[in-house]
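Structure record follows, encoded as structure tokens.
The values are calculated or read from the model by the stated rules, or taken from the named source; none is laboratory data. Computed from a predicted structure; not experimentally measured. Quick reminder, even Gly has a Cβ in these numbers, built from the backbone with ideal geometry, and neighbours come from all protein chains shown. Note: accessible area is taken over every heavy atom of the protein model, side chains too, but ligands, DNA and RNA are not part of it. Shrake-Rupley method; radii C 1.70, N 1.55, O 1.52, S 1.80 Å.
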Amino acid sequence: MKADDAIEAVSEAVPEAAAAGTGFVIEEIELKGFMRYIERTEPPIRFPDKFTVITGKTGAGKSSILDAITFALYKATTRTDPPANATIDEICRPGGYVRVAFRQGETRYEVKRGFTSKKDAYLELARDGEPIGGRERAIRDILGLDYAGFTNSTFVRQEEMKDLGSQRGSDRLLIFQKLFRLETFERAQERAKERHAEIHGQVESQEREIATRAERVSKLPELLAGLETHEQESKANAVRVGALMRQTDEAGALVKDLESKHSAYLKAEASSAQHAKRLGELDIKIASVTADAEKTEQLKAEISLLEDGTKDFDKLQEEGDRLRDLQQRHQLHLKDREAAYQRRQEFLGEHEKKLKQLSERLFASERRVAELKTDITKEQAFDLLRQDGALGERLARIEKEVAWLAGRPEILKEIDLERRKAGIQRERVQADVAKISGDSFLLSELRRQIDDVKTEIRAVSETKSARLAEFDAQLESVDREVTKIGFTDDARKRLGEVRELLAKLKPQREALEEAKRKLRISGDASKLLDELRTQAQSVRGEREALQASMAGLTAGERAYEAAKEGLDGLQRALSDTRSAASRTEGLLAERRRAIADLREDEGRNAEATSKLKSMFQERELLAILKDQVFHKKGVVMYAVHQLLPGLQIEASKNLGDLTDGRFSKIRLETYEEGKGHGIRILVEGVDGLWHDVGEFSGGEKTQINAALRFAIAKELASMPQVGRTYARMKTLFIDEGDIGSLDPAVSRDLFVGKLFRMGEFFDKVILITHIEDVAEKFPGRIRVSMTPKQESRIEYLS
């Protein structure tokens with residue numbers, strides 16, 4: 001690789017040039033199902049004024065608007081960045097999306113990103129209302145920024161202003177590298193290191209390959225010396241093969257001439273063998289048929305004897321079938337009778353069981369009645385209480401009558417008698433009322449149960465008589481059927497005798513049937529025997545004629561066998577000679593290939609040696625790039641030194657505006673810190689001395705940090721667009737900005753005034769804050785609130 005190529009390889013980490021643009025200007029944002037914006041924002045969030053403030057309580061969803069912008073553009077948010085590590089599908093629900101509309105110059109773009117109801121991700125991109133392709137890459141090309149460049153340019157997040165003042169010097173340097181994308185040079189250094197290691201490995205590998213090929217090339221003279229010997233051997237093999245091919249052709253012609261006699265001999269020999277085989281088969285068949293004829297006569301005699309011994313078999317079999325039928329019917333009725341008797345017994349068992357259960361229930365109820373502490377039932381209790389009440393009323397009425405008739409003694413005497421009688425009756429009733437308790441209700445229920453059980457016992461006893469009568473009638477009916485069948489003991493004895501006789505005769509009957517079957521198969525053997533003997537005589541004559549003809553063909557067959565044997569020997573010799581020639585040719589070809597490979601290795605080594613020199617040069621150049629050019633002491637610190645003077649002047653001006661001239665000088669300087677470098681932030685105090693930013697109070701530190709951050713934002717907005725790393729951002733986003741620590745009466749007004757002056761460099765300035773007195777100073781105001789259902793809502797205040 002040439003030196004120029006090495007520089008080109010390292011330049012992969014440096015941004016490429018992108019199309020020129022006039023800057024990113026946000027127009028509107030539409031959210032649905034994103035974070036706590038469950039319902040679609042209607043209308044979309046718009047920023048018609050140059051200066052807009054987004055206000056609301058902490059946690060209402062103000063910062064989620066900035067996350068929605070980066071989600072739509074880059075599918076990334078601060079909540080999904082480390083260390084938060086939330087997932088995209090956790091902040092955007094199924095069916096949710098974010099749509100962002102912005103201008104880049106005179107062109108209007110819309111980006112819509114979200115998830116379908118089935119959780120499938122999608123991205124839509126349009127330019128002036130027309131869809132365009134490329135999407136992810138197209139967005140970076142349009143903005144000229146990747147995610148890190150976009151969020152670190154004019155996106156001022158919560159707590160970010162405090163970081164510059166609170167960090168160590170080395171940490172501040174890292175922040176500056178991040179804001180101005182100077183880590184590009186660190187990546188260039190890493191790329192140079194990787195390429196240097198890669199080239200170093202390739203150099204070592206190339207040196208090993210050259211040495212290996214050189215070792216193989218040293219064997220070339222030895223291979224050239226043995227090549228001539230193999231060529232001579234190959235020529236000699238070719239001559240031997242030619243001679244053997246001529247001899248083989250001559251022997252083949254002789255064998256071909258004798259083939260007709262050989263074929264005739266083979267045909268006659270095969271025909272003779274076939275006749276001999278046929279003759280043997282006929283002799284065997286004749287012997288077999290002769291034996292079968294003898295067996296047929298023997299079968300006829302056996303059949304006659306068996307027919308005499310089994311003449312009563314059919315009658316006995318018919319009698320046995322009839323008796324077996326009677327027996328089966330008899331047994332079936334006996335089974336029916338047994339089943340009916342079994343049901344009768346089961347009924348008796350169930351009846352006794354039920355009667356026992358009812359008796360136990362009656363006994364238990366009567367025992368519980370005996371255990372009760374009263375003999376007054378519920379009905380008696382109600383009657384006694386009614387009597388007691390009636391007698392009480394009667395006595396009260398008599399007392400009233402006594403009072404009315406006090407002057408009439410004749411009548412009072414009768415009334416007094418009636419009162420005494422009523423009193424005696426009431427005392428008796430009250431004596432019985434005293435016996436009333438909770439057991440009275442239980443006594444009534446138990447007596448009712450006792451009556452029910454007695455009624456059920458009578459019903460069960462009545463059912464028993466009727467059911468037993470039914471079962472007895474069934475048994476009598478079955479007994480009549482059994483008697484009607486008439487299968488007596490004599491019939492059972494006769495069935496046994498018939499079975500014994502049939503068992504003895506059955507083997508003879510089976511033997512008779514088998515003998516008849518064999519007789520039918522054998523047929524008439526005498527006619528077949530005559531035909532076989534005639535065929536054997538004819539075949540024997542034909543075989544004798546063939547053997548006589550073969551005597552004249554024997555001499556030709558012997559000559560053919562001798563010629564064939566000579567031809568086979570020549571063919572084997574020719575095959576062996578060809579194999580030897582082929583081996584020689586293979587060795588010769590292999591030797592020639594090896595020589596050609598070694599000569600090719602000579603050329604490769606010359607080319608590799610030249611290439612190795614170029615690789616040495618590239619390795620040396622890469623070592624310079626990684627150790628000197630892209631080192632932190634090199635181009636990175638050079639770039640920082642170029643940035644700091646301008647930032648220092650602008651930050652000092654900003655600090656004077658923010659503090660109303662109380663502080664007006666900031667000095668930014670680099671210094672060595674251990675093995676690295678850092679940036680020191682110094683501010684001239686009211687005493688005229690320079691102090692580190694960490695020595696100032698919280699409000700003063702906020703003003704210093706704001707002055708620096710505004711200077712950085714202005715610098716980033718003014719930088720030319722380069723590739724996908726820098727672009728002119730015409731929208732400034734500030735999230736909180738730590739302005740809560742400023743004096744409300746003075747410093748906040750100065751801060752807002754400075755923020756308005758940033759409008760000289762930005763088309764849109766958008767502040768997110770929860771401080772109402774700051775928000776009231778902005779012409780464009782948007783309030784974010786949280787509903788009772790914990791959902792974010794947007795309200796336009798102006």
Q: Only residues that are at pLDDT 90 or above, over 22 Å from Gly23 (Cβ atoms) and outside any strand (DSSP E or B): list them for segment 120-140, please.
A: Asp120
Q | Hits in segment 60-107 - residues which are touching a strand residue (DSSP E or B) at 6+ places or on another chain (Cβ under 7 Å) and among the basic types (Lys, Arg) | A | Lys62, Lys75, Arg93, Arg99, Arg103
Q: Please name all residue pairs, on different chains or six or more residues apart, with Cβ atoms under 6 Å, provided the first residue is in segment 142-155 and is of a type in the set (Ser, Thr, Tyr) and the second residue is at pLDDT 75 or above and surrounded by 20 or more Cβ atoms within 10 Å (Cβ to Cβ).
A: Tyr147/Tyr74; Ser153/Met729; Thr154/Ala713; Thr154/Met729; Thr154/Leu732
Q | Residue check, His230 within 20 Å of Ser614 (Cβ to Cβ), open to solvent by less than 90 Å² (accessible area, probe 1.4 Å), of a type outside the set (Asp, Glu) and part of a helix (DSSP H, G or I) | A | no
Q.
Filter segment 324-349 down to the residues that are open to solvent by less than 70 Å² (accessible area, probe 1.4 Å) and either farther than 25 Å from Ala466 by Cα or within 60 Å of the chain's Cα centre (by Cα) (or both) and list them by number.
A. Leu326, Gln327, His330
Q: For Glu352, state whether it is farther than 30 Å from Arg467 by Cα and open to solvent by 80 Å² or more (accessible area, probe 1.4 Å).
A: no
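In this structure, is Glu514 at negative phi, open to solvent by 80 Å² or more (accessible area, probe 1.4 Å) and of a type outside the set (Lys, Arg)? Can you show your working first?
Details: at negative phi: yes; open to solvent by 80 Å² or more (accessible area, probe 1.4 Å): no; of a type outside the set (Lys, Arg): yes.
No, not satisfied.
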Q | Only one of Gly699, Gly694, Gly678 that is assigned to a helix (DSSP H, G or I), under 60 Å from the mean Cα position of the chain (by Cα) and in contact (Cβ under 8 Å) with a residue 60 or more places away in the chain | A | Gly694
Q: Considering only residues that are within 53 Å of the chain's Cα centre (by Cα) and open to solvent by 10 Å² or more (accessible area, probe 1.4 Å), look in segment 702-715 and name the one that is farthest from Ile679 (Cα to Cα).
A: Lys714
Q.
I'd like to check something: does segment 47-56 contain any residue that is within 40 Å of the chain's Cα centre (by Cα), at pLDDT 90 or above, open to solvent by less than 10 Å² (accessible area, probe 1.4 Å) and closer than 14 Å to Glu795 by Cα?
A. no
Q. Do you know which of the residues in segment 73-119 that are among the basic types (Lys, Arg) and part of a loop (DSSP other than H, G, I, E, B) is farthest from Ile142 (Cα to Cα)?
A. Lys118
Q: May I ask you to list pairs of residues, at least six apart or on different chains, whose Cβ atoms are under 6 Å apart, with the first in segment 111-125 being farther than 12 Å from Val98 by Cβ and the second being open to solvent by 60 Å² or more (accessible area, probe 1.4 Å) and of a type outside the set (Lys, Arg)?
A: Ser117/Pro94; Lys119/Pro94
Q. Does Ile424 qualify as being closer than 22 Å to Ile376 by Cβ, outside any helix (DSSP H, G or I) and at pLDDT 80 or above?
A. no
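Just checking, how many residues over segment 373-389 are surrounded by fewer than 16 Cβ atoms within 10 Å (Cβ to Cβ) and of a type in the set (A, V, I, L, M, F, W, C)?
Total satisfying the criteria: 2.
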Q: Give the residue, chosen from Ala608, Ala594, Ala573, Ala589, that is under 30 Å from Arg246 (Cβ atoms), assigned to a helix (DSSP H, G or I) and touching a helix residue (DSSP H, G or I) at 6+ places or on another chain (Cβ under 6 Å).
A: Ala573
**Q.** Filter pass, Leu279 being assigned to a helix (DSSP H, G or I) and either surrounded by fewer than 17 Cβ atoms within 10 Å (Cβ to Cβ) or modelled with pLDDT under 80 (or both)
**A.** no
Q: Could you grab me the full set of residues in segment 624-643 that are open to solvent by 20 Å² or more (accessible area, probe 1.4 Å) and modelled with pLDDT of 75 or more?
A: His641, Gln642, Leu643
Q: Identify, from the list Gly656, Gly676, Gly661, Gly646, the residue that is within 30 Å of Arg195 (Cα to Cα) and either open to solvent by 10 Å² or more (accessible area, probe 1.4 Å) or at pLDDT 80 or above (or both).
A: Gly676
(Q) If I go through segment 459-493 residue by residue, how many of them are in a helix (DSSP H, G or I) and under 16 Å from His333 (Cβ atoms)? (A) 15
Q: Six or more apart or on different chains, Cβ under 6 Å: which pairs go from a residue in segment 779-795 that's more than 11 Å from Arg36 (Cα to Cα) and open to solvent by 50 Å² or more (accessible area, probe 1.4 Å) to one that's of a type in the set (A, V, I, L, M, F, W, C) and at pLDDT 90 or above? Could you list them?
A: Pro779/Phe51
Q. If you check Lys506, Lys516, which single one turns out to be modelled with pLDDT of 80 or more, charged (D, E, K, R) and in a helix (DSSP H, G or I)?
A. Lys506
Q: Please go through segment 413-462 and pick out each residue that is under 22 Å from Ala370 (Cβ atoms), open to solvent by 60 Å² or more (accessible area, probe 1.4 Å) and among the charged types (D, E, K, R).
A: Lys435, Glu445, Arg447, Arg448, Asp451, Asp452, Lys454, Glu456
Q: For Ala188, indicate whether it is of a type in the set (A, V, I, L, M, F, W, C) and modelled with pLDDT of 75 or more.
A: no
Q. Could you list, in sequence order, the residues of segment 58-82 that are open to solvent by 10 Å² or more (accessible area, probe 1.4 Å) and within 32 Å of the chain's Cα centre (by Cα)?
A. Tyr74, Lys75, Ala76, Thr78, Arg79, Thr80, Asp81, Pro82
